[in-house]
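Following: one structure in structure tokens, then a few remarks.
Please treat every number below as a calculation from the coordinates, not as lab data. Note that the structure is a prediction, hence the values are computed from the model and not measured. Quick reminder, even Gly has a Cβ in these numbers, built from the backbone with ideal geometry, and neighbours come from all protein chains shown.
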Amino acid sequence: MSVGIITSDIFKKHDTSEATLTGKYNHPESPQRIESIFLHLGNKEIWKKSEHILTRSITMEELYKVHTPEYVNSVKQFCQNGGGRIDEDTVTSPESYATALIAAGSILQGVDAVMTNQLKKVFCLIRPPGHHALPDQTMGFCLFSNLSLGATYAMSKYNVERILVLDWDAHHGNGTEKIFYNNKNVLTISWHQSPFWPFSGKYTDIGEGQGQGYNINIPIPEAFTDEIFIETFDQIVIPAARQFKPQLIMIASGYDAHHSDPLAGLNLTNQAYQFLSKRAMALAEELCEGKIIATLEGGYNLDALVNGVDSTLNFMHHPDANIKNDYEREKDDNKRQIKTLIDSIIKIQPLLK
Ligand SMILES: [Zn+2]
């Protein structure tokens with residue numbers, strides 16, 4: 001068995017609903033996201049034949065490698081005092097702190113499974129998500145930077161020296177970028193709608209100091225579709241990854257670039273997630289013995305979320321499965337914009353020269 005899933009009913013305990021004067025407000029980052037995945041994928045063959053790995057809480061020592069003790073304590077206190085809106089977008093409940101510790105710990109379990117060769121690929125279906133969380137600040141529905149904590153753990157416990165992060169969530173992975181901005185051991189690549197919240201992620205932000213050349217941003221104009229993700233994967237991600245030679249690939253796997261997502265304004269079809277997942281698996285096979293850890297980020301249309309997770313999990317099990325070559329193409333004018341963007345990125349990224 002080579003594919004694992006890490007998930008749990010525990011992740012439904014992070015309750016983001018709010019009582020308002022007009023009734024209950026259901027936050028888009030809701031427990032129903034995990035519930036839908038269980039409901040629609042739980043009986044499928046790819047779910048049943050995956051190894052199900054136990055979750056665990058991250059320890060304080062592991063958490064402090066990325067987040068400050070003061071910050072961790074402030075989140076703990078806030079939740080213990082009843083929770084509520086901890087920043088303008090992020091809602092917590094009394095159980096959110098403990099749940100977030102388990103979400104982060106799940107990635108570490110995934111790292112253990114993959115780095116000890118117990119499994120080749122692991123999908124962490126967890127919440128709260130993590131890619132916006134900063135070392136000392138909650139942001140965008142995120143409390144702790146799950147993926148960064150996993151990458152840091154892989155580097156310290158298993159001496160991994162090169163980790164490739166692919167973030168195909170519709171929002172810029174600003175937290176992950178910030179945490180590794182000066183670090184040449186982690187090549188972070190983020191596709192994101194731009195301009196769009198959190199309004200970072202310019203293509204000219206290529207890392208700093210030792211990390212210069214190890215951060216690649218691929219800003220995508222609103223309403224663009226599958227073709228720009230697939231073209232940039234082929235012309236930017238693959239050559240950069242071949243230069244970088246990762247020992248592990250981690251995916252910040254959000255599904256909110258789908259055209260039906262209520263928050264973002266990109267127009268991907270599910271076909272795009274099939275293409276992206278298939279390419280990521282092939283890249284892992286070519287460069288790092290198939291080692292991949294994916295972690296759930298955004299995705300707020302429940303059908304699109306379920307179909308996206310299904311696609312990624314399917315290609316984890318069947319990396320050679322065929323895909324119909326009928327993804328959404330762009331109009332000629334957009335094709336020119338795609339070419340300009342790719343040329344601009346290639347020009348300034350050292351790994352692509
Ligand atoms: Zn997102």
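For the reader, a short list of remarks on this structure follows.
- For the chain, the longest site-free run once chymotrypsin sites (Phe, Trp or Tyr not before Pro) in DSSP loop states with at most 15 other Cβ atoms within 10 Å are removed: 200-353
- Length-normalised contact order for the stretch 3-352 - Cα pairs under 8 Å, 6+ apart - percent: 17
- A Förster radius of 51 Å combined with the Cβ-Cβ distance from Thr22 to Lys49 puts the calculated FRET efficiency at roughly 0.65.
- Under 5 Å, built H, 5+ apart or other chain: amide partners of Val186: Ile163
- Of all lysines in the structure, those lying under 26 Å Cα to Cα from Lys24, and not within fewer than 8 positions of it along the same chain, are Lys12, Lys13, Lys76.
- Partners for Lys353 among lysines (Cα-Cα distance below 21 Å; same-chain residues under 8 apart left out): Lys184, Lys202, Lys245, Lys339
- Positive-end residue, the stretch 152-264 charge dipole about Cα centroid, Cβ charges, pick of Ile206, Ala264, Ile163: Ile163
- Amide H contacts of Gly4 (H built 1.01 Å from N, under 5 Å, at least 5 apart or other chain): Glu51, Lys121, Val122, Phe123
- Distance violations [Cα-Cα > 21 Å] among Lys65/Lys157; Lys48/Lys121; Lys278/Lys347; Lys291/Lys347: Lys278/Lys347; Lys291/Lys347
- Distances between placed amide hydrogens fall under 5 Å for Gly130 paired with Asn146, all partners being 5 or more residues away or on another chain.
- Span-like helix ranges in the chain, DSSP H, alpha carbon extent 18 angstrom or more, Kyte mean at least -1.0: 96-115, 270-287, 302-317, 332-348
- Set of aspartates and glutamates near Lys44 by C-alpha distance (under 17 Å), chain-local residues within fewer than 8 positions excluded: Glu35, Asp303, Asp310
- Cα gyration tensor shape for the chain, rounded if a/c is under 1.5, else prolate or oblate: rounded
- Check: the stretch 3-352 dipole with +1 on Lys, Arg Cβ and -1 on Asp, Glu Cβ, in debye: 680
- Charge tally around Asn325: other residues with Cβ under 13 Å, Lys/Arg +1 each, Asp/Glu -1 each, net -1.
- Note, ³J(HN,Hα) from phi for the stretch 47-52, Karplus 6.51, -1.76, 1.60, rounded to Hz, x at Gly and Pro: 7, 5, 8, 7, 7, 9
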